[in-house]
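Scroll down for the structure; my scribbles are underneath it.
The values are calculated or read from the model by the stated rules, or taken from the named source; none is laboratory data. Treat the numbers as computed from the prediction; the structure is a model and nothing was measured. Reconstructed Cβ throughout: ideal geometry from the backbone, glycine too, with neighbour counts over all protein chains shown. SASA here: full protein model, heavy atoms, side chains in, ligands and nucleic acids out. Shrake-Rupley method; radii C 1.70, N 1.55, O 1.52, S 1.80 Å.
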Amino acid sequence: MVVTVRSLGLTGLSGYEVSAECFLSGGLPAFDIVGLPDTAVREARERVRAAVKNCGCKFPVSRITVNLAPAGQKKAGTVYDLPIFVGLLAASEEIPQLPEDAAFIGELSLTGVVRGIDGVLPMALAARRAGIRQLFVPEENAAEATLAGELTVFGVPDVAALTAHLRGESMLTPAAAWIPGEETEEMPDLRDVVGQENIRRALEVAASGGHNLLMLGSPGAGKSMLARRLPSILPEMTREEALETSAIWSVAGLLDRDRPLLRQRPFRAPHHTASAAALAGGGPALRPGEISFAHNGVLFLDELPEFRRDVLEAMRQPLEDGTVTVARAGGTLHMPARFQLVCAMNPCRCGWWGHPSGRCRCSERDVERYAEKISGPLMDRIDIHVYVPSVEYDALRRKATPESSAEVKARVDAAREIQRKRFADRDVYCNAQMTAAMVGEFCELDAAGDKLLRTAFERIGLTARSHDRILRVARTIADLEASESIQAHHLAEAIQYRNTEILKG
């Protein structure tokens, strides 16, 4: 007898439907799993065998063959324990025929307890697309699965409760849709930053348009402190953005099971010793990297020149396309990576070049050599370059309370609302994502602005990419003033932010 149980699997960051076909036949007792299983899937035989015996059911004494279809797709992980268990009981007629619109995922312990797994959210979204209406998942993953919507989710504590439900003896209660409560975790606030008004303005412009930002300054000037406060002034994520980001975190096992939906934009700050695979993704299991974990959020690279060259160059394509493609022997993986890059660096190796204390002993060539660690193409993809001066003593002792993140965020939200209406029928959400055609459509200049940009283009030696990025930043500055057109002073401020000369001291 052949019984087919619907289940789900993961390929990269996406879920797909898997059918567990269980066949009992005569011959010497054996238990084989086919369909390109990895070691964890093959070991399901022992977990299922023990779970069947420990839940009071009879393990069939026959030749057991389980095929995980599609057979040409590699299967990995412990997610198939539960469907194999259910298929085995159905084939041996320990439980009645299964509902056609039901699917099962979960890992089994030897005692029959159903353990939580990673990647439930993308699998639940795939189940909804496949027409599945009943989804049986580990109890601790039930809240996460309800986020997919249009599914009746059953949290399964153990196999005894599941068999009782399938026999109609004691029904499981469907999990209630998870509703986010009030956010209690406070983010770092801009009111903690004293002085640095010009950098606060650059941070506001970057947040308003989603622009990449580079801060250069001596140690202790406040670069990291400012970067960590950027998420506090960014707009709230839409539900679609939250689901996209939460699905990535779910695959990596980073989600909090009690709060399965990310509500705050992610802030990722990898150490400068991180490898290219850690940043871009990859590895033997083709896992996402830091730039995908920062999707719809902020990726902060502190001590930028200390990162290896190949690590930094791995970001060039994602910064342009919003996706990262990783090709390995095990396959090719396409992952979303639409993040806002924020970088911080010292002006030289010792960090004190240009500091009023005069403690730096680096030569001009040393400073140039330090700056050359960052390639021109990468710098060209960073919209705003600002110098962070050391905070003066009088500013530190000033009694006035600086503007809070909430006040700045109100202006950022107003500018983003203008952009939302502007791009309502397009696949972009902010000015930084505009294509070249959109720049030509929405960033027209008057005669004074055209003359100013021409002068800057010739004197600074701008590239076509930097020309468009200046216009995007100018469009954002105009949006902050609710101006329909880009004025000369908007453009002048945007050009000021395109100052690559700060790298030379």
Quiz prompt | Average accessible area per residue (Å²) across the chain - probe 1.4 Å, nucleic acids and ligands excluded | solution = 44
Quiz item: Given a 1.4 Å probe and every protein chain left where it sits, what share in percent of the accessible area of the chain is carbon and sulfur?
Solution: 50
Self-check item: segment 103-145: trypsin sites (Lys or Arg not before Pro) in DSSP loop, at most 16 other beta carbons within 10 Å
Solution: Arg133
Practice problem: Specify which labelled value, from (i) 56, 23, 18; (ii) 54, 23, 21; (iii) 59, 26, 21, agrees with semi-axes √(5λ) of the Cα gyration tensor in Å derived from the coordinates of the model shown. | Solution: (ii)
Self-check item: In segment 47-105, GluC sites (Glu not before Pro) in a DSSP loop with at most 11 other beta-carbon atoms within 10 Å
Solution: Glu100
Quiz item: Are there cysteines in the chain with no second cysteine's Cβ under 4.7 Å away, and if so, which?
Solution: Cys22, Cys55, Cys57, Cys343, Cys350, Cys360, Cys430, Cys443
Self-check item: Helix-only [θ]222 nm of the chain, DSSP H runs n ≥ 4, -39500 (n - 2.57) each, per residue, nearest 500
Solution: -9500 deg cm²/dmol
Self-check item: Inter-part distance where segment 16-33 and segment 205-239 are each reduced to a Cα centre, Å
Solution: 54
Quiz item: Could you give the distance between the Cα centres of segment 84-155 and segment 242-312, to the whole Å?
Solution: 28
Quiz prompt | Vicinal HN-Hα couplings computed from phi for segment 310-316 (Karplus, 6.51 cos²θ - 1.76 cosθ + 1.60; Hz; Gly/Pro x) | solution = 5, 5, 5, 5, 5, 8, 4
